[in-house]
Amino acid sequence: MTEPGPLGVLDEGFAARHAVLAAGYGHRPDPADPAQVLAMPLVLHLPKADPPARSAVLAAAAAATAALCLDPRVGTDPEGEPGPWQRDYLAWTGARIRKVARRARGAQWFAAQDVDGVTVEVDGAAARAFVPGPVGELDPRIRKLQIGGTDLEHDAPGDPEPGLPVLWLNRSLDMTVGKTAAQVGHAAMLLAGAMTLTQAAQWAGSGFRCSVRDADPDRWAVLTARVAAGQAVAVRDAGFTEVAPGSMTVIAQPAPLA
């Protein structure tokens, strides 16, 4: 299997992978067979004892998603050969972007590491993004994991870390941690695509570190104005689960608010 190169190497391969994100996503109609709908699985490591902070889990999910989308294995190698994940990845980006987050602990988490994907750890939390594929053909090691049933309390991590992109959550929606993980993953994709090539390579070089924070109503009003001004990007949910169609769930910006 082709192994990924160092993060943040700004070469032709990285530029091509970034171009896929910058171009936006397709809107190919869903297949008639629901089992053939494409989705990116996410797995959150949520041990029963001493669970990680919610904000750290979400930051790990966002970073893992961006890392997979810019991984050399979704692109073309220097000899022009397609990477092992390219076909499935491009099929997914050409359709409606869906992600499904599950939880794992113990042996389940370690088994999930053997399924093609990228794991990121942030401040004691970990998440793994997997190569997208049809929901009806999910690897059994992932399919058996629970989608719901475990949530994490909202934490108070303090101000965003200086110099990092910030993913602001619409706190009024009160989404579950699984739903929110999918939303911040999408926000990370949108943000990477909105960045210049150099900015995206620099972010990749940091391991796609970001801060995830709840936004109160006053902060959210400021953020929505920034979206309108083209200074931030927003995720608007399709409304398949938990929230109404068109809900603005996450706003991502390259740098913290003053």
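Readers should treat all values here as calculations from the given coordinates under stated rules, not as data from a laboratory. No experiment lies behind these values; they were computed from the predicted model shown. In this analysis, Cβ positions are derived from the backbone assuming ideal geometry, glycine residues included, and neighbour counts consider all displayed protein chains.
Could you work out how far the C-alpha centroid of region 104-165 sits from that of region 194-258, in angstrom?
20
How far, in nm, would the chain grow between Asp50 and Asp123 when pulled straight, counting 0.36 nm per residue and subtracting the alpha carbon separation? Walk me through the numbers before you get to the answer.
Numbers: separation 73, 0.36 × 73 = 26.28 nm, distance 1.32 nm.
Roughly 25.0 nm would be gained on extension.
For the chain, give me the percentage of DSSP beta bridges that are antiparallel, rounded to the nearest 5 percent.
Values: 20 of 32 bridges.
Taking every DSSP beta bridge within the chain, about 60 percent pair in antiparallel fashion.
Pick out which of Gly158, Gly124, Gly207 has the largest mean-square fluctuation in a Gaussian network model of the chain, springs linking Cα atoms closer than 10 Å.
With Cα springs under 10 Å in the chain, the top fluctuation among Gly158, Gly124, Gly207 is at Gly158.
Just to be sure I understand: of the beta bridges DSSP finds with both ends in region 123-258, what percent are antiparallel, rounded to 5?
Details: 8 of 13 bridges.
Expressed as a percentage, antiparallel bridges in region 123-258 total about 60.
For Arg143 and Ala15, FRET efficiency with R0 = 45 Å and r from the beta-carbon atoms, rounded to 0.05? Don't skip to the end; give the middle numbers.
Values: r = 35 Å, r/R0 = 0.79.
Once the sixth-power term is evaluated, E becomes 0.80.
Determine, from the Cβ-Cβ distance of Ala111 and Glu79 and an R0 of 45 Å, the FRET efficiency 1/(1 + (r/R0)^6), rounded to the nearest 0.05. Could you put the intermediate results ahead of the total?
On the way: r = 33 Å, r/R0 = 0.74.
The pair Ala111/Glu79 has a calculated efficiency of 0.85.
If I stretch the segment between Ala228 and Thr196 completely, what's the gain in nm (0.36 nm per residue apart, minus their alpha carbon distance), one decimal?
9.6 nm
Asp214's amide H: which non-local residues (gap 5+, or another chain) put their own amide H closer than 5 Å, with H modeled 1.01 Å from N in plane and none for Pro or chain starts?
When sequence neighbours closer than 5 places are left aside, the close amide H contacts are Leu169.
Give the dimensionless ratio obtained when the Cα radius of gyration of the chain is divided by 2.2 N^0.38 Å.
On the way: Rg = 17.2 Å, N = 258, 2.2 N^0.38 = 18.1 Å.
In units of the globular-protein estimate, the chain measures up at 0.95.
Non-local amide H neighbours of Ala39 (under 5 Å, H modeled in plane, Pro and chain starts lacking H): which ones?
Gly133, Val135
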